[in-house]
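Below is one structure. I have some questions about it.
The values are calculated or read from the model by the stated rules, or taken from the named source; none is laboratory data. Computed from a predicted model, the values in this text were never measured in an experiment. Glycine also receives a Cβ, built like all others from the backbone with ideal geometry; neighbour counts cover every protein chain displayed.
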């Protein structure tokens, strides 16, 4: 058990976290979801991200959940992201069932909590599927085609691109703190608690230099963009037309849309049949 704990802690490093995040954001270009048109994915996400909140039928929500599970599988989501999804769903709805049982609840409490859990799960998996299958440029172009302001679409794309820089900068700051610091011994139980507190304190102290260095890099990026005519390009319709020329709705997009519609229709029919039987 002690060796298992050490192996898990050895894997949970900054490098591992960075690789998992980069894999989820940039390493899924060869998947079925990544080959779809960004406009189709955004419209698909609007349905699976909004409609489940207005549904209360368990069978229908369960059918939608199974479908987004398959799309998540097709998108090849990083294991770390799936783990955070499971933790997030339990932290939002799972603990409510435990609290309800503790304060006198019964089996009837399961139904409404199951509905809430399915809603959160469907919306979360749909979000993971879409945003893992869209690289920064395709996401920005899709939003620009729908009429979003150019600065907004560029800001989202820039946030995607600066994410690896932030993680690398954060790792460098942590390493500098470790080289200059004197961590407490962690051989005893009290020593492990002190070492954990030392690590948390070091992470908190790293945020200020991280934000300062990020602000410096952002200023340099903005100045470089202004020199290259970024502000003029946002207002030029010819530049916008050239940026959006890559968007094409292919046969694969239509197949994906048709499968989604048929799946939802079948789920609605099954839900209606079950209600008639009851």
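Go through (1) at pLDDT 65 or above; (2) in a helix (DSSP H, G or I); (3) in contact with a helix residue (DSSP H, G or I) (Cβ under 9 Å, 6 or more places away or on another chain) for residue 25 and report which single condition fails.
Against the list (1) at pLDDT 65 or above; (2) in a helix (DSSP H, G or I); (3) in contact with a helix residue (DSSP H, G or I) (Cβ under 9 Å, 6 or more places away or on another chain), residue 25 comes up short only on (1).
Related question: Need pairs with beta-carbon distance below 6 Å; first residue modelled with pLDDT under 90 and within the range 254-278, second surrounded by 11 or more Cβ atoms within 10 Å (Cβ to Cβ); sequence gap 6+ or separate chains.
Short answer, once both residue conditions are applied: 271/57; 271/59; 271/60; 274/59.
Among (1) at pLDDT 80 or above; (2) more than 30 Å from residue 242 (Cα to Cα); (3) surrounded by fewer than 18 Cβ atoms within 10 Å (Cβ to Cβ), where does residue 92 come up short?
(1)
Among the listed residues 166, 210, 247, 174, which satisfies the condition of being within 30 Å of residue 44 (Cα to Cα) and either in contact with a helix residue (DSSP H, G or I) (Cβ under 8 Å, 6 or more places away or on another chain) or assigned by TED's automatic domain parsing to the domain that holds residue 46 (or both)? I'd like the intermediate steps shown before the answer.
On the way: 166 fails: within 30 Å of residue 44 (Cα to Cα); 210 fails: within 30 Å of residue 44 (Cα to Cα); 174 fails: within 30 Å of residue 44 (Cα to Cα).
Every option except 247 fails the conditions.
Can residue 123 be described as assigned to a helix (DSSP H, G or I) and at pLDDT below 85? Can you show your working first?
Numbers: assigned to a helix (DSSP H, G or I): yes; at pLDDT below 85: no.
For residue 123, the condition - assigned to a helix (DSSP H, G or I) and at pLDDT below 85 - is not met.
Exactly one condition in (1) part of a helix (DSSP H, G or I); (2) at pLDDT 75 or above is not met by residue 248; state its number.
For residue 248, the exception is condition (1).
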